[in-house]
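For reference, the structure is listed below as structure tokens.
Values in this text are rule-based calculations from the coordinates and carry no lab data. These numbers come from a predicted model, not from an experiment. Neighbour counts are summed over all protein chains in view; Cβ atoms, including those assigned to glycine, are modelled from backbone coordinates with ideal geometry.
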Amino acid sequence: MTPQDLTAPHAVPQRPYSTTPARLYAAAHGGPEGRDAYPPDLELVDGLARLGLDPALIAHHSRDFHRRAVTHTAHALGISQFVDIGCGLPAQSRPNTHTTVAAAHASWRVLHVDNDPVVRAHADALLRTSTPGATTVLEADLRDPDIILDRAREVLDFGEPVAVMLLGVLHYLTDADRPHNIVRHLVDALPPGSCLLLSHTTRDYAPRAIQRADELLARAGIQAQARSREAVTRFFDGLTPDGPGLVPVHQWRPDDPASAALPASRIHTYGGIGTKPSPALPATRRSGGSGPGAGGRGGSV
Ligand SMILES: C[S@@+](CC[C@H](N)C(=O)[O-])C[C@H]1O[C@@H](n2cnc3c(N)ncnc32)[C@H](O)[C@@H]1O
């Protein structure tokens, strides 16, 4: 390119950014996180609000579930190795996965995974300041689970339980991506005692508004598919529900009764944790078994 080209009117596009799931989430949060957002992200948040949704409230409670779920897994379940798939832009005003895990364990490992190169760049920069070697960032797509598993086996000890986090990410896979097979493939690779942390947008409380939200996202170039409770529950096939099972995220082990009293129709997001049984425990996926999970369905997550 010659110097003359650089001064041509078309050299600086008027709208250099399209939206992405990571920046949309940052825009919905607002506050310090909102510094990562650009006009197309903010316009999309406004569009979702015009459908009667409350993106800021949904983002707040989704992220708060993240904190409580990781804290519970690290402290109560004693797991010190995490794979955070769809980790998103590092939060500025809330704990990120590795800070929560590090508060619970002297020795820990977190593999952060996202398919957005901007997330990888931000995460790389942030993690330079955390414990060297304890955090790893991988730019990879959930639809290629073997790439994620290969890296996880390199940086984690698969002789010990591993927590796989799929928080706010499966919504970005449509049924054509066969998300249930992907989750099953990931879980099958984990050692016994491992667990799955999952949150997912649902259309159960406002089917038309959520359908229109997914259409709005599609017009902005983001494929998305909210799912019913039944479809989200199937992600936990073969796992034992931990605690309350699959519930609206703000009602999962709440530490603030006022927040928990919000109607689920304002949050539109389910969350839960399932653990992989040890061989010594009843296998809920055993075919022909007589336990509560017989026939391929785990417990009532
Ligand atoms: C709503 S944010 C969730 C962030 C974080 N997990 C949380 O709960 O706070 C969704 C993230 O998933 C990532 N994502 C979307 N589709 C993905 C895919 N197919 N593979 C990997 N990451 C993906 C996006 O780039 C984005 O960072």
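Observations
- The angle separating the long axis of helix 117-127 from the principal Cα axis of greatest extent in the chain is about 70 degrees.
- Global geometry of segment 90-157, whether rounded, prolate or oblate, following the gyration tensor of its Cα atoms and the 1.5 cut on a/c: oblate
- Positive-end residue of His112, His60, Pro40, charge dipole of segment 23-136 with Cβ unit charges: His112
- Residues whose placed amide H lies under 5 Å from that of Cys195, excluding near-sequence neighbours: Val162, Ala163, Val164, Lys276
- Only Lys, Arg (+1) and Asp, Glu (-1) charged, at Cβ; the chain dipole about Cα centre in debye: 660 debye
- Beta-bridge orientation, the chain: approximately 40 percent antiparallel, per DSSP, counting only bridges with both partners inside.
- In degrees, nearest ten, helix 39-50 long axis to first principal axis of the chain (Cα): 60 degrees
- Averaged over residues, the count of other Cβ atoms within 10 Å places the peptides 255-266, 189-200, 145-156 in the sequence 189-200, 145-156, 255-266, highest first.
- Angle of helix 55-75 to the longest C-alpha principal axis of the chain, folded into 0 to 90 degrees and rounded to 10: 40°.
- Local electrostatic count, Ser228, Cβ distance below 11 Å [Lys/Arg +1, Asp/Glu -1]: +2
- Amide H to amide H distances under 5 Å link Leu167 with Ile85, Ser199, where only residues 5 or more positions off or on other chains count and H is placed in the peptide plane.
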